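Input: a single structure, listed below in structure tokens.
The values are calculated or read from the model by the stated rules, or taken from the named source; none is laboratory data. Keep in mind that this is a model prediction, so the values were computed, not measured. In this analysis, Cβ positions are derived from the backbone assuming ideal geometry, glycine residues included, and neighbour counts consider all displayed protein chains.
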Amino acid sequence: MDLFDKVVASMGPIGQHHSWAHGYFSFPKLEGSIGAHMRFNGKEHIVWSLNNYLGLANHPDVMRADADATAKYGLAYPMGARMMSGQTGEHEKLEKELASFVGKEDAFLLNYGYQGMVSLIEALVDRKDVIVYDAESHACIIDGVRLHVGRRFVYKHNDICSCEKQLIHAQRVIEQTGGSILLITEGVFGMSGAQGRLKQITELKSKYGFRLLVDDAHGFGTMGRNGAGTHEAQGCIEGVDLYFATFAKAMAGIGAFVASRSDIVTYLRYNMRSQTFAKALPMPMVLGLQTRLELLKKHHVYRERLWHIAETLQQGLKARGFDIGETSTVVTPVFLKGSLNEATALTRDLRENYGIFCSIVVYPVIPKGLIILRLIPTALHSVEDVNRTLEAFSVVSKKLNSKCYN
């Protein structure tokens, strides 16, 4: 069969729905200034789908820093990969500030979060090594693990007993291969809002001798006393060997970083192929990220507003009988039961008749018969936004239960 004929015939588990979903349920166009209210299909909506946690995307200081840096440097500087010709003092400055903030000796800037995690895993392990990872890890972790040529063991989501069983299996393997163990989990699981059990996992390190890599994309800037992350919130900064976070969430930017011991970061600088053979982050983003980080560190009020909105929303949902799972973070999932048709009809009702825009998650991402409406609170939302959303959810939930969406 011709390659193009094959891929067009299948389109993939999500792509198979493109003919009716594109432009509305998939690839929707949100227009206007980034915030709690944006326009969709020509109407204003309360938007619960943007990871602009602290509201920094359109902060005046951020926009000024981005604009000034672009005017001064343009988007091309520096040219080339950092190892060859793209190194600057500003890149190094941001790395030092990030490392200090998350409690590590050094940090390495990465061009992208997804690509960065895949490349990080590839650089750390070889065929003798074993990876142990959480079953509900983000796709970037899964893809990185799939590229691993050695053994890998997956443990039940946030199940420490299952984790320890897989560590025992891993230990037996490395006794034969002479390799090492890398355990990977998330600080905050972006779909459920559950925290990874970092503290309990670090307590297993002395027994099984593994190194711990934590993807804290949703925890950086939102979790912990200072916003330094989930490892700060759980009091186990030292136990996390490699701390990874993206700028695409609380920092409202692009790119990522990994922080660790200085010698480990040096190794990564010279061995992460996605950085060695890719152009450095443009200067406007680097300088803009410095401004974002300063705002994050100095103005705890943004995080306090975020948590006030998140807690008001979550308490309101629970009071109305909604299942929001085990979230202990600002990520707020609402679990419902229904078919794909019911899910799309409910979502359309929310958008067209109530002006509520939130992400919908259905099969094949989750099992058939389940629906997740995923709400992402931000510091820019108001209590009025929360109340309007709660009222709308109560109405559509009754319609769902009474089979109105069939």
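Look at R64 and say whether it is in the same structural domain as E391 (by TED's automatic domain parsing) and of a type outside the set (G, A, S). For R64, the condition - in the same structural domain as E391 (by TED's automatic domain parsing) and of a type outside the set (G, A, S) - is not met. Taking the stretch 292-346, which residues are among the β-branched types (V, I, T), within 11 Å of P377 (Cβ to Cβ) and either without any contact (Cβ under 8 Å) to a residue 24 or more places away in the chain or outside any loop (DSSP other than H, G, I, E, B) (or both)? Matches in the stretch 292-346: I309, T312, T332. Would you mind finding the one in A392, A345, A379 that is crowded, with 21+ Cβ neighbours inside 10 Å, hydrophobic (A, V, I, L, M, F, W, C) and on the phi < 0 side of the Ramachandran plot? Matching residue, one of A392, A345, A379: A379.
Scan I366, I360 and give me the residue that is outside any loop (DSSP other than H, G, I, E, B), in the same structural domain as F27 (by TED's automatic domain parsing) and under 19 Å from M191 (Cβ atoms).
Values: I366 fails: outside any loop (DSSP other than H, G, I, E, B).
Matching residue, one of I366, I360: I360.
For E92, the criteria (1) farther than 21 Å from F220 by Cα; (2) free of Cβ contacts under 8 Å to residues at least 12 places away in the same chain hold in every case but one, which is (1).
When the stretch 139-155 is limited to residues that are in a helix (DSSP H, G or I) and in contact with a strand residue (DSSP E or B) (Cβ under 6 Å, 6 or more places away or on another chain), the one that is farthest from I174 (Cα to Cα) turns out to be I141. Within the stretch 71-84, is there a residue that is in contact with a Phe, Trp or Tyr (Cβ under 8 Å, 6 or more places away or on another chain), crowded, with 20+ Cβ neighbours inside 10 Å and not basic (K, R)? Checked the stretch 71-84: no residue is in contact with a Phe, Trp or Tyr (Cβ under 8 Å, 6 or more places away or on another chain), crowded, with 20+ Cβ neighbours inside 10 Å and not basic (K, R).
State all residues of the stretch 125-138 that are part of a loop (DSSP other than H, G, I, E, B), in contact with a helix residue (DSSP H, G or I) (Cβ under 9 Å, 6 or more places away or on another chain) and buried (at least 16 other Cβ atoms within 10 Å of the Cβ); if no residue qualifies, say none. Of everything in the stretch 125-138, those that are part of a loop (DSSP other than H, G, I, E, B), in contact with a helix residue (DSSP H, G or I) (Cβ under 9 Å, 6 or more places away or on another chain) and buried (at least 16 other Cβ atoms within 10 Å of the Cβ) turn out to be D129, S137, H138.
With a requirement of 2 or more residues that are β-branched (V, I, T), the strands (runs of 3 or more DSSP E) lying completely within the stretch 28-119 that satisfy it span 43-47.
Every condition in (1) in a loop (DSSP other than H, G, I, E, B); (2) within 18 Å of the chain's Cα centre (by Cα); (3) under 16 Å from F101 (Cβ atoms) holds for N226 except the one numbered (2).
Condition check for V8 on (1) among the β-branched types (V, I, T); (2) touching a residue at least 24 places away in the same chain (Cβ under 8 Å); (3) assigned to a helix (DSSP H, G or I): one failure, at (2).
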